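Only one structure is covered here, and it is reproduced in the block below.
Bear in mind these aren't lab numbers, they're just calculated from the coordinates by the rules spelled out. All values reported here derive from a predicted model rather than from experimental measurement. Ideal geometry is used to build each Cβ from the backbone, glycine not excepted, and the neighbour counts take in all protein chains shown.
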Amino acid sequence: MNELVGTVALVTGATRNIGRAIAEALAEGGAAVAVCGHSGVEAAGNVADAIRQRGGRAGAWTFDVRDRPAVADAVQAIRGTLGPIDILVNCAAVREEQPLDAIPLERWQAILGIVLDGAFNTIQETLPDLRRSSRGTIVNIGGETGHTGAPNRAHVVTAKAGLAGLTKAVALDLAAEGITCNCVVPGAMDTAASAMTRHDGVAFAGKRLPPLGRRGQPWEVAAMVRMLCGPGARYVTGQAIHVNGGFSCH
């Protein structure tokens with residue numbers, strides 16, 4: 001249960017739902033965790049406090065992943081507080097629905113900026129640390145609709161599909177240096193975000209449930225991320241791994 005002892009993990013979008021579950025799972029594995037969010041200092045601090053109360057090491061940072069100087073400052077602060085970064089998990093995202101002809105250009109750019117520019121920024125800023133680590137790991141959190149499509153989500157679908165492509169490109173660019181990069185793709189999840197959108201993950205088509213007959217739990221996605229960050233997954237890279245209750249089997 002201590003396979004991640006001695007590592008430092010930076011998790012964006014870590015203040016709630018899947019991101020919080022990932023931060024807590026990595027801490028349970030022994031990693032020191034930088035809990036990063038954009039929704040306020042208190043939210044990130046609450047997650048870090050919960051980790052520390054269980055005996056783990058954690059700190060909280062808030063910044064906009066689209067703001068390159070802010071990302072650089074945060075990475076430097078994390079390095080100085082917790083140590084060099086070995087693990088990067090990009091979970092920052094926004095989910096919303098709008099008809100194609102009603103999406104303002106500003107929202108299109110904002111969604112792609114958070115998901116794609118944000119991942120690009122964090123990857124580039126943490127790369128010096130990842131290169132020095134013997135366990136350099138990047139995990140991007142994708143979305144099932146990035147592979148299936150979904151109505152009224154052109155911006156979100158495009159961003160998540162792009163993240164899967166970025167994963168493959170980064171995996172190939174960094175493979176020779178021993179750094180892995182994978183994309184974990186949640187399906188229909190039982191999270192607070194479910195109540196915020198009419199269509200949830202892969203359930204957008206007729207509100208179908210996957211073959212397992214239920215929505216997934218955030219900890220089940222977090223368990224996959226933790227596995228990919230551990231020593232047993234060093235030969236896994238460039239993959240989109242679907243955690244979706246068998247929906248892909250349809």
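Of note:
- Relative contact order, whole percent, for the chain stands at 19, derived from Cα pairs under 8 Å and 6 or more residues apart.
- Taking other C-beta atoms within 10 angstrom as a stand-in for reagent exposure, 61, 108 fall in the order 108, 61, fewest first.
- Between the Cα long axis of helix 118-132 and the first principal axis of the chain there is an angle of about 30°, rounded to the nearest 10.
- Cβ-to-Cβ counts within 10 Å put 26, 228, 112, 166 in ascending order as 112, 166, 228, 26, the fewest first.
- Viscosity 1.567 mPa s, temperature 4 °C, Stokes-Einstein D of the chain from Kirkwood C-alpha radius, µm²/s: 72
- Kirkwood Rh in Å, taken over region 16-69 so that all alpha-carbon pairs contribute: 11.1
- For the chain, the longest principal axis of the C-alpha atoms and the axis of helix 154-174 are separated by about 40°.
- Where only C-alpha atoms are counted, convex hull volume of region 86-201 per residue in Å³: 97
- Net charge over other residues, Cβ less than 14 angstrom from the Cβ of residue 231 (K, R count +1; D, E count -1): +1
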